[in-house]
Every structure is written in structure tokens, then in C-alpha cells.
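Reviewing the structure listed below.
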Amino acid sequence: MRLPSRLIATLIAVAAAICTVLASRPKAAETTAEELVQALQRRYDSIKDFSADFVHRYQGGVLRKQISERGHVLIKKPGKMRWDYTAPEKKLFVSDGVRIYTYIPEDKQVVVSAQPRDDQTTAPALFLAGKGNLTRDFTPSLVANPGGSPLNARSLKLVPKTRQPDYDWLVFTLDPATLAIQGLLTMDAQGGESAFFFTNLKENTGVADKEFAFNIPRGVDVVTDAAR
């Protein structure tokens, strides 16, 4: 099984990346990488919350095999996220903006860790907190579409200017007419690739803070992760 802390870092990165892409609606057909990034940044602040169904496929890295999972995600800036994996194994990752809760019912254990302090915050976490800057934090380039992408899609690769502990780069696959996100690919520090595909995506619906409140189930062990 993939290490929960590694998965949490990936989920933070993906949540932040979606916030950034959803915020923009310029036409992309003739846009350079630099212009596209500037357009994304200009609209970034307009996204306050969103929800979506997702499929998450992971291969390589520690597992040395491919897995496919699905579920539902809720994100709310600043710093709140809820990844509810429903199949094939139930898993729940919740951040209330202060603490991160990892719960895998089969293990009968909840891991509680603190949100990173400001001086420990990675670039994706900054975006999730509403403090990110694409042109400052990443080097953009237009790249070939990953396998399985729609025929007329465009893909934008973002490489962090400062080395990140949990990923090497991000690739967005976008609808060239609307910049709606069609897929997101990340490469983590252990050589694993995570691909996310989103459907039923909704923006700025006023997701309530109570959706990010985690109640520890009865009968489970509670472990405090002091490493975070």
C-alpha cells in the first residue's frame, strides 16, 4: 500500500492545481505557455471551492504496479480538502485547515497530522491556501498530450523552480476552447505517476465548512504523526 503521507502530499498538489486551472477561462488555441500561465494566475483568485467525482490511477514508485481508484473530492480555500475514496477500498483524507486526518476503515486507525507551518509550506500547499503564484513558483512549457487524451486537447507542464519533496512536475490536459481540466498527471519523488480524471465538476457552490469536520469513529486507534 502506498504510504499515506506520500498520498497526502499528492492530494494537496492535485487540489491546488485544480484550483488554479478551474479559475481560468481564456481561449488557449494560440496561447504560448507563458501567456497561458499568466491567464491562469489572473483568474486564480476567483475559485473559492469546488467538488468533483474522480478516478485516480497510480503506477510505478513504491508499488511497482498500477492501481485504479475512484471517489469524490471537495476543496475549499484556504486549506480545506476532503478526498473520499469509495472503491475498491474505502479511504478518507480530510484537512480542516489546521489538521489532516487519514482514515482507512480496514486498518481501524486514524492518523492525525498538522498542516505544514508557513516556513514548511510547499508550492502546492501555498496554492491551496490561496497564496500561490504560478509565474513565481513554476517554469511552464507546452508538451505533447499524454496517452488517452482527447484529440484536440492541449497539455501544459509546470516544473517547480524550487525543488519539491513530493513531486517533480505537473502536467495539465486542457480543453483548448475553455481551459476546462480534462486530466492531471504528476510525477512524485519516488518515480510514481499519478493520473487524475475528473467528472461532474462544480465551482463556487458555497461548500460548507462542516464538510471538512472529521469525527473520529469509535473503536479506532488514533496515531499522531509528529513528522509533519
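Okay, residues lined up against (1) at pLDDT 80 or above; (2) crowded, with 16+ Cβ neighbours inside 10 Å; (3) closer than 28 Å to residue 36 by Cβ; (4) aromatic (Phe, Trp, Tyr):
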residue	(1), (2), (3), (4)
150	no, no, yes, no
169	yes, yes, yes, yes
175	no, no, yes, no
191	no, no, yes, no
212	yes, yes, no, yes
218	yes, no, no, no
222	yes, no, no, no
Inset, instruction - Check off (1) surrounded by 15 or more Cβ atoms within 10 Å (Cβ to Cβ); (2) at pLDDT 85 or above for residue 4 and give me the number that stays unchecked. - result: (2)
Inset, instruction - Starting from the stretch 97-114, keep only residues that are at positive phi and open to solvent by 10 Å² or more (accessible area, probe 1.4 Å), then list their pairs with residues that are of a type in the set (D, E, K, R) and part of a strand (DSSP E or B) whose Cβ atoms are within a distance under 6 Å, requiring at least 6 positions of separation or different chains. - result: 97/80
Inset, instruction - Filter the stretch 152-167 for residues that are surrounded by fewer than 12 Cβ atoms within 10 Å (Cβ to Cβ) and free of Cβ contacts under 8 Å to residues at least 24 places away in the same chain and give the result. - result: 163
Legend entry - Enumeration of residues in the stretch 193-210 that are at pLDDT 90 or above and buried (at least 18 other Cβ atoms within 10 Å of the Cβ): 207
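Taking residue 53, is it under 24 Å from residue 175 (Cβ atoms), touching a His at 6+ places or on another chain (Cβ under 6 Å), open to solvent by 40 Å² or more (accessible area, probe 1.4 Å) and modelled with pLDDT of 80 or more?
Details: under 24 Å from residue 175 (Cβ atoms): yes; touching a His at 6+ places or on another chain (Cβ under 6 Å): yes; open to solvent by 40 Å² or more (accessible area, probe 1.4 Å): yes; modelled with pLDDT of 80 or more: yes.
So residue 53 fits the description; yes.
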Inset, instruction - May I ask you to list pairs of residues, at least six apart or on different chains, whose Cβ atoms are under 7 Å apart, with the first in the stretch 73-84 being on the phi > 0 side of the Ramachandran plot and the second being open to solvent by 30 Å² or more (accessible area, probe 1.4 Å) and not in a strand (DSSP E or B)? - result: 79/97; 79/115; 79/129
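Assess whether residue 222 counts as being in a loop (DSSP other than H, G, I, E, B) and touching a residue at least 24 places away in the same chain (Cβ under 8 Å). Give the steps one after another, and end with the answer.
On the way: in a loop (DSSP other than H, G, I, E, B): no; touching a residue at least 24 places away in the same chain (Cβ under 8 Å): yes.
Spelling it out, it is not the case that residue 222 is in a loop (DSSP other than H, G, I, E, B) and touching a residue at least 24 places away in the same chain (Cβ under 8 Å).
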Inset, instruction - Identify the single condition in (1) surrounded by fewer than 17 Cβ atoms within 10 Å (Cβ to Cβ); (2) touching a Leu at 6+ places or on another chain (Cβ under 7 Å) that residue 141 does not satisfy, given that it satisfies every other one. - result: (2)
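The values are calculated or read from the model by the stated rules, or taken from the named source; none is laboratory data. Note that the structure is predicted; figures quoted are calculated from it, not measured. Note that each Cβ is placed from the backbone with ideal geometry, even for glycine, and that neighbours are counted across all protein chains shown. Each accessible area value is taken on the protein alone, full model and side chains, heavy atoms only, with ligands, DNA and RNA left out. Shrake-Rupley method; radii C 1.70, N 1.55, O 1.52, S 1.80 Å.
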